[in-house]
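Written below as C-alpha cells is the structure these notes are about.
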Amino acid sequence: GRRWPLCSSCVGLRTVGLVLLYYVFSIGITFYNKWLMKGFHYPLFMTLVHLTIIFCLSALTRQAVQWWTGKPRVTLRWKEYLRKVAPTAIATALDIGLSNWSFLFITISLYTMTKSSAVLFILFFSLVFKLEEPNPFLILVVLLISCGLFMFTFESTQFNLEGFILVLLASFIGGIRWTLTQVLTQKAELGLQNPIDAMYHLQPLMFLGLFPLFLFNEGLSLSTSEKLFRVTELSPLLYSLFTLSIGGSLAFGLGFSEFLLVSRTSSLTLSISGIFKEVCTLLLATFLMGDKMSMLNWLGFAVCLCGISLHVGLKTYYSKSKFYLRFHHICCSTS
C-alpha cells in the first residue's frame, strides 16, 4: 500500500519536469522570433525552414533510436496517414504560421495576451470531442485565468488590428490543433505516442499545408530579396542560414516538449501550463525590455495565479477521487 504515494509523487515530478522543459523552449523561441522579425520580414518562409529542420532532426533521431534498440519505428500507411494525420498537421501549420506572422505587427505583450484565448477554444473543442468532462469549476478556472491575463497586459500593450486578428485566428485554430493532437497521440492503434514519431509524420503535411500561403504572401518578395536569393556577399547569407537554423533547433525542442506533455497529460493541461509560461514571458519582457507594470497589471497576475492554483487543486482532487473509486472497485471484486 505504500507504493501509491510514491507513484503519485513520481508522476507529479515527471509532470513538473515536462512543463519546465516546455517553458525553456517556448519562452526561448518567442523572444527569438520577435528578435528575428526585426530584420527578417519573412515569417512564413522562416516557419517552412523550421519545419524542414524538425523533420530532418526527427528522422535522424528515429534512426538512432531504431539502431540503439533494434526495434523498427512505426510508419503509417498512406491511406491512414492522409486520413488521420492530415487534419492535425494542417491545423498545426496554420497555428504556427499565423503566430509567427503576427510578430511583424505586434509586441510580445499583445501577442501573449491574445494567444491566451486559445484556452477557451481548447476547452470548447475538448468538450465537443468528449476529452474533458463538463465541469462548472473548469469554466471558472478559464474565466479567472483569461481575465487575469487580460488585466495583466491591459496597459502594457500597443494595439494593432492586423496582428490582433492573426493571433486570434491562430488561437482558434490552436484549439482545434491541440484537441486533434491529443486524439492522435493517445490512439494506441496508430502508435504515435512517441513525440518523435508524431513529429516525423506531421512535418511533411504541415509543410505542404503552409507552402501555398507562403507563395501567395512572400514568394515574390523573397525571390528578389538580398538576404537570400539575390545575395551579393557570402557572409549575410551564412548569417541568415545560421540564425534560421537556431530557430529550427528551438522549434524541434518545443515540438518535442509539447507533444510529450500532451501525450502524457492532456491538451488542457498544456494550455494551463502555457498560460503560466506566458505570465513568465511577460515578466521577462518587463525586466528585459523595460515595460512598465501598473497596479492593475499586478492584480491581473494574482488573479491568473488563483485560476492556475484552482485548476491544479481540482485536477489533484478528481484524480485522487477516481483512484480511490478504482481501488475500492478492485478490493470489492477480489474479496
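For the stretch 241-285, taking the reciprocal of the average inverse distance between every pair of different Cα atoms yields a Kirkwood hydrodynamic radius of 11.8 Å. Taking amide H as placed 1.01 Å from N in the peptide plane, S116 has no amide H partner under 5 Å among residues 5 or more places away or on another chain.
Per residue, the convex hull around the alpha carbon atoms of the stretch 1-87 comes to 188 Å³. Sequence-ordered 3J(HN,Hα) estimates for the stretch 35-50 from the Karplus curve with 6.51, -1.76 and 1.60 and θ = phi - 60° stand at 5, 5, 5, 5, x, 10, 8, 10, x, 6, 5, 4, 5, 5, 4, 4 Hz, glycine and proline given as x. The listed peptides 220-226, 124-130, 305-311, ordered by packing as a protection proxy, come out as 305-311, 124-130, 220-226 (highest mean of other Cβ atoms within 10 Å first).
Taking a ≥ b ≥ c as the square roots of the Cα gyration tensor eigenvalues, with a/c under 1.5 meaning rounded and otherwise prolate when a/b beats b/c, else oblate, which class fits the stretch 40-140? Taking the square roots of the gyration eigenvalues as a ≥ b ≥ c, the stretch 40-140 is oblate. Using a cut-off of 31 Å between Cα atoms, the listed pairs K71/K187; K79/K130; K71/K130 include K71/K130 as exceeding that distance. The ellipsoid that matches the Cα gyration tensor of the stretch 60-206 has semi-axes, each √(5λ) in whole angstrom, of 33, 19, 13, with the longest given first.
Restricting the calculation to Cα atoms, every distinct pair contributes to the Kirkwood radius of the stretch 26-326, found to be 20.4 Å.
Readers should treat all values here as calculations from the given coordinates under stated rules, not as data from a laboratory. All values derive from a computational prediction rather than experimental measurement. Backbone-built Cβ (ideal geometry, glycine too); neighbour counts: all protein chains shown.
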